[in-house]
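Quick one: structure below, then a few questions.
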Amino acid sequence: ALSALENAWKAPYDSKRIDVEEREILCSGLCAVLISFTPDQWTASVDNLARPVIACLNIVSKEADQIMDKGNYESAGPILIRLSNEIRLLAAIVHNFMKSKSDKPIDDRDRRKALIPLLHSSWPVLTHIGDKCAA
């Protein structure tokens, strides 16, 4: 079952169209599965979930840079929407992981600790997007 969820999660990066709302629902399900793992597995699992999103942000932000550098702002709409959708998915990962219910007691410090590497790895591209798009 986890394999099927992971394949569905990665499908949009293989040219299959899935709306961001459906991807957020899928993220919620994946996080519900991840929270059932042991805390020492969370960091790698969250990283695996975030990796395609961050990779996409890096690629699409370079495309956005090219458009913005040419001053072609009127054609930037679709790419900015894609960037915002991927950022939305990163936020969904954090939110759903923090809010997922478990049948065992969980210290929220362990949850936060598992999210720190995701935040570190996504921060450079998020900062770049903010700097570039705010100019």
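The values are calculated or read from the model by the stated rules, or taken from the named source; none is laboratory data. Bear in mind that the values here come from a model prediction, so they are computed numbers and not experimental data. Using ideal geometry, Cβ is built from the backbone for each residue, glycine included, and neighbour counts are taken over all protein chains shown. For the accessible areas, the whole protein counts, side chains as well, though only heavy atoms, and no ligand, DNA or RNA atoms are used. Shrake-Rupley method; radii C 1.70, N 1.55, O 1.52, S 1.80 Å.
Residues in region 99-109: is at least one of a type in the set (Gly, Ala, Ser) and farther than 24 Å from residue 10 by Cβ? First the steps, then the outcome.
The initial filter retains those residues of region 99-109 that are of a type in the set (Gly, Ala, Ser), namely 100, 102.
Filter once more, keeping what is farther than 24 Å from residue 10 by Cβ: 102.
The answer is yes, given that some residue of region 99-109 is of a type in the set (Gly, Ala, Ser) and farther than 24 Å from residue 10 by Cβ.
Here is a yes/no grid of residues against (1) open to solvent by 80 Å² or more (accessible area, probe 1.4 Å); (2) within 16 Å of the chain's Cα centre (by Cα):
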{"residue": "93", "(1), (2)": "no, yes"}
{"residue": "97", "(1), (2)": "no, yes"}
{"residue": "102", "(1), (2)": "no, no"}
{"residue": "106", "(1), (2)": "no, no"}
{"residue": "111", "(1), (2)": "no, no"}
{"residue": "118", "(1), (2)": "no, yes"}
{"residue": "125", "(1), (2)": "no, yes"}
{"residue": "131", "(1), (2)": "yes, no"}
{"residue": "134", "(1), (2)": "yes, no"}
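For region 73-107, what are the residues that are not in a helix (DSSP H, G or I) and not charged (D, E, K, R)?
76, 100, 102, 105, 106
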